[in-house]
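I have placed the structure first, in the form of structure tokens, so that the comments after it can refer back to it.
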Amino acid sequence: MAPKTWTVKELITVTSDYLKNKEIDSPRLTAEILLAHQLKITRIKLYLNYDQPLDDKEISGYRSFIRRRVNREPFQHITGTQEFWSMDFTVGPHVLIPRSESELLVEQVISLSKENEFRRKGGETILDLGTGSGVLAVSLARELEGAILWASDISDEALEIARLNAKNHGVDERIHFRLGDLWEPFVGQSLKFDVIVTNPPYIASEAFDALSPEVRDHEPRVALDGGKGGMLCIERIIRDGTEYLNPGGWLLIEMDPEQTTEALSLMDENGQYREKRRIRDYAHQYRFVVARKTGTAHNKKHEEGKP
């Protein structure tokens, strides 16, 4: 008896049901993404080739991807990519997988740039603190042509991925990368920024084991664990952030919705922030805190943001 010949449509249908039974999120989407990756085509082309038969090598490779996903490895690690700001970014076990809500940080920085006088001075200086895969820095470099971008991270492996993404999107000469923990790469330097944007570790250490296996077992803990209560990095960023902001400069931080009130209180206690506010994410939860350093932005073009 001849072995069964599988078509694209049949394989997606069977795999979707299998993944659903294994309680994998978005089973049909996952089945399509992994099959498209195996065939090296787009998901749209899957639909245009629904009746295409698959050979043994294609099916074998696809099954290996499905086994990895059933073992709760994120599909982004299997494909090696994640979309952000309508661009494909290389990701892997050394960087946090970019989430769609972080695109709101890009939107906010663009909005602040349009509202302020930075462009009239020749371009704002922006720091992506804890850049990870570099999605924020790269997206902002693509959107703000005159901006001077800096990106830092505690992980050398993460910076390698961020540099690769910057090169892939043609902005590697626009971003200055620095290795170190939070403010460490900038201590003792004259660098000041008009905007500091950051998605720091903010998961409470005591809650880490309760995370989904995809996150807990496959994403870097250093990019997730924010210490007791999840506020360790956030507190340091708020406390010392004004030292690295120009007068009138902006600080934007992503965090857990339950941390936003405490973050605003810390800014109040600091006394060097004004125009403080919370911003909701796509699920209508407060996800971001935005504040401005006291003082007035410089009227003349500043040079301290240049390397």
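The values are calculated or read from the model by the stated rules, or taken from the named source; none is laboratory data. Just so it is clear, the model here is predicted, and its values are computed rather than measured. For neighbour counting, all protein chains shown are included, and Cβ atoms are generated from backbone atoms with ideal geometry for every residue, glycine included.
Quick notes
- Only one of 140, 144 that is over 17 Å from residue 182 (Cα atoms), within 15 Å of the chain's Cα centre (by Cα) and surrounded by 21 or more Cβ atoms within 10 Å (Cβ to Cβ): 140
- Flag if residue 81 is within 16 Å of residue 33 (Cα to Cα) and within 15 Å of the chain's Cα centre (by Cα): yes
- Residue list for the stretch 255-280, restricted to those being part of a strand (DSSP E or B) and closer than 26 Å to residue 97 by Cβ: 278, 279, 280
- Subset of the stretch 55-112 (residues that are more than 26 Å from residue 196 (Cβ to Cβ) and touching a strand residue (DSSP E or B) at 6+ places or on another chain (Cβ under 7 Å)): 76, 80, 81, 88
- Residue that is surrounded by the fewest Cβ atoms within 10 Å (Cβ to Cβ), among those in the stretch 74-131 that are farther than 30 Å from residue 246 by Cα and in contact with a Phe, Trp or Tyr (Cβ under 9 Å, 6 or more places away or on another chain): 83
- When residue 99 is tested against (1) without any contact (Cβ under 8 Å) to a residue 12 or more places away in the chain; (2) basic (Lys, Arg); (3) not assigned by TED's automatic domain parsing to the domain that holds residue 134, only condition (3) is not met.
- Among residues of the stretch 136-156 that are assigned by TED's automatic domain parsing to the domain that holds residue 91 and modelled with pLDDT of 95 or more, those with a beta-carbon under 6 Å from a residue that is in a strand (DSSP E or B) and not hydrophobic (A, V, I, L, M, F, W, C) at least six positions away or on a different chain give the pairs 136/128; 137/128; 150/176; 151/128; 152/178.
- Taking the stretch 193-223 as the range and being surrounded by 20 or more Cβ atoms within 10 Å (Cβ to Cβ) and either out of contact with any Gly (no Cβ under 7 Å at 6 or more places or on another chain) or under 19 Å from residue 137 (Cα atoms) (or both) as the test, the residues that pass are 193, 194, 195, 196, 197, 198, 199, 200, 201, 219, 223.
- Options 102, 152, 133; residue that is in contact with a Lys or Arg (Cβ under 6 Å, 6 or more places away or on another chain) and either of a type outside the set (D, E, K, R) or on the phi < 0 side of the Ramachandran plot (or both): 152
- Filtered residues of the stretch 205-254 (kept if under 25 Å from residue 25 (Cα atoms) and part of a strand (DSSP E or B)): 225, 254
- The set of residues in the stretch 280-295 that are under 23 Å from residue 201 (Cβ atoms) and either outside the structural domain of residue 201 (by TED's automatic domain parsing) or touching a helix residue (DSSP H, G or I) at 6+ places or on another chain (Cβ under 7 Å) (or both) comprises 281, 282, 285, 286, 287, 288, 289, 290, 291.
- Cβ-Cβ under 9 Å pairs, at least 6 apart or on other chains, the stretch 172-191 side touching a residue at least 60 places away in the same chain (Cβ under 8 Å) and within 17 Å of residue 162 (Cβ to Cβ), far side polar (S, T, N, Q) and outside any loop (DSSP other than H, G, I, E, B): none
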